[in-house]
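Student: Just passing along the structure, written as structure tokens.
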Amino acid sequence: MYAVVLAAGKGTRLEPLTEDTPKALVEVDGTPLIEDVFDNLIDVGATELIVVVGHLKEQIIERYDDEYRGVPITYAHQREQAGLAHAILQAEPFIDDDFMLMLGDNIFRANLGDVINRQREDRADAAFLVEQVPWEEASRYGVLDTNEYGEVVEVMEKPEDPPSNLVMTGFYTFTPAIFHACHLVQPSDRGEYELPDAIDLLIQSGRTIDAIRMDGWRIDVGYPDDRDLAEERIRERGPTKVSE
């Protein structure tokens, strides 16, 4: 399966770690964030990596060139950081089948394989890992609501009044239908093309989206303190990357 990695952001919240380094190359316990992402994706079956790059992209390209652990890498260039839906569209020319998507600043030690298996059942147009967070934190994320079968019926980006405390993490699988939805998305109040809006368009068109509860943990490395927390978790719980 193809795997898309989004690694174009500037990482301003991670300064001073990102003053002269792309966010994806910030190290956690001695390993660049993007390398941890690559390892996770390859361990669950990625056969080609499409990396969306932007800010200080030359450092990423020079470091990994055209392959990692024998898996070929293709680089897609996002010249303007305009949201996740916009970033995904940069990978469209290189993909003609189902694919995984992982944000390049997330550390996962979780059941990614369950999401891949669900996608391979050919009953859904998307599946993604979700987790419950405290209600007071839900408005910071892409929030979703599900029916009794675990199918997603509503998605919204950072709502003021969340319908649930179930939120999206940074790991997804999609069919190419997501590209059409991303083309239709309109800019949000933040001026960005939001991935939850594209997923919601899939739902409105009658597509099936499955939510898989996370078994394990993940950390979105957005601030220096998050990097420190991720290092602590890794050292406490050992090197295992993926729960099969």
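Student: Pulled fully out, how much extra length does the chain show between Asn117 and Phe94, if you take 0.36 nm times their separation in residues and subtract their Cα-Cα distance? Numbers along the way, then the final one.
Tutor: Details: separation 23, 0.36 × 23 = 8.28 nm, distance 2.26 nm.
The Asn117-Phe94 span can extend by a further 6.0 nm.
Student: Could you sort 34-42, 19-27, 109-117, 220-228 so that the peptide with the highest average Cβ count within 10 Å comes first and the rest follow in order? Numbers along the way, then the final one.
Tutor: Working: 34-42: 22.4, 19-27: 18.6, 109-117: 20.9, 220-228: 16.1.
So the order, starting with the most tightly packed, is 34-42, 109-117, 19-27, 220-228.
Student: Output wanted: per-residue J couplings in Hz (rounded whole) for the stretch 210-225, from phi through Karplus 6.51 cos²θ - 1.76 cosθ + 1.60, θ = phi - 60°, x for Gly and Pro.
Tutor: For the stretch 210-225, the Karplus-derived couplings read 9, 9, 10, 5, 6, 10, x, 8, 8, 10, 7, 7, x, 10, x, 4 Hz, x marking Gly and Pro.
Student: Just to confirm my numbers, what's the Cα centroid distance between the stretch 17-33 and the stretch 164-208 in Å?
Tutor: Between the Cα centre of the stretch 17-33 and that of the stretch 164-208, the gap is 28 Å.
Student: Right, another one. Apply the Kirkwood formula to the stretch 16-154: the hydrodynamic radius equals the inverse of the mean of 1/r over all pairs of different alpha-carbon atoms; give it in Å with one decimal.
Tutor: Kirkwood hydrodynamic radius for the stretch 16-154: 16.9 Å.
Student: What is the sum of charges, Lys and Arg at +1 and Asp and Glu at -1, for the other residues whose Cβ falls under 13 Å from the Cβ of His183?
Tutor: Details: positive: none; negative: Glu92, Asp197.
Surrounding charge for His183 is -2.
Student: Got a number for the accessible area of Ser205? Probe 1.4 Å, square angstrom, nearest 10.
Tutor: 80 Å²
Student: When the helix-only estimate is applied to the chain (DSSP H runs of n ≥ 4, each -39,500 (n - 2.57), divided by the residue count), what is the mean residue ellipticity at 222 nm, nearest 500 deg cm²/dmol?
Tutor: Values: 7 runs with 66 residues, N = 244.
Calculated from helices alone, the mean residue ellipticity at 222 nm is -8000 deg cm²/dmol.
Student: Moving on. Pull out the extension gain between Glu15 and Asp220, defined as 0.36 nm times the separation in residues minus the alpha carbon to alpha carbon distance; nm, one decimal. Kindly include the intermediate steps, with their values, before the conclusion.
Tutor: On the way: separation 205, 0.36 × 205 = 73.80 nm, distance 1.52 nm.
Between Glu15 and Asp220, full extension yields an extra 72.3 nm.
Student: Moving to a separate point now. Just subtract the alpha-carbon distance of Ser205 and Arg69 from 0.36 nm times their residue separation and send over the number in nm, one decimal. It would help to have the intermediate numbers written out before the result.
Tutor: On the way: separation 136, 0.36 × 136 = 48.96 nm, distance 3.89 nm.
That works out to 45.1 nm of additional length.
Student: Apply the Debye scattering formula to the chain, with a single equal point scatterer on each alpha-carbon and no solvent, then give log10 I(q)/I(0) at q = 0.08, 0.13, 0.14 Å⁻¹.
Tutor: Treating every Cα as an identical point scatterer, log10 I(q)/I(0) equals -0.27, -0.77, -0.91.
Student: Per residue and in cubic angstrom, what volume does the convex hull of the Cα atoms of the stretch 166-244 have? Present the calculation step by step, with values, prior to reporting the outcome.
Tutor: Values: hull volume 11.1 nm³, N = 79.
Cα convex hull per residue, to the nearest whole number: 141 Å³.
Student: Separate question: Can you run the Rg to Rh ratio on the stretch 1-67? Use alpha carbon positions and the Kirkwood inverse-distance Rh.
Tutor: Ratio value, two decimals: 0.97.
Student: Please report the carbon-and-sulfur percent of the accessible area for the stretch 138-243; probe 1.4 Å, protein heavy atoms only, DNA, RNA and ligands left out.
Tutor: 41 percent
The values are calculated or read from the model by the stated rules, or taken from the named source; none is laboratory data. Everything numeric in this text was worked out from a predicted model, so none of it was measured. With ideal geometry, Cβ positions are generated from the backbone for all residues, glycine too; neighbour counts draw on all protein chains shown. Surface accessibility is based on the protein's heavy atoms, side chains included, excluding ligands, DNA and RNA. Shrake-Rupley method; radii C 1.70, N 1.55, O 1.52, S 1.80 Å.
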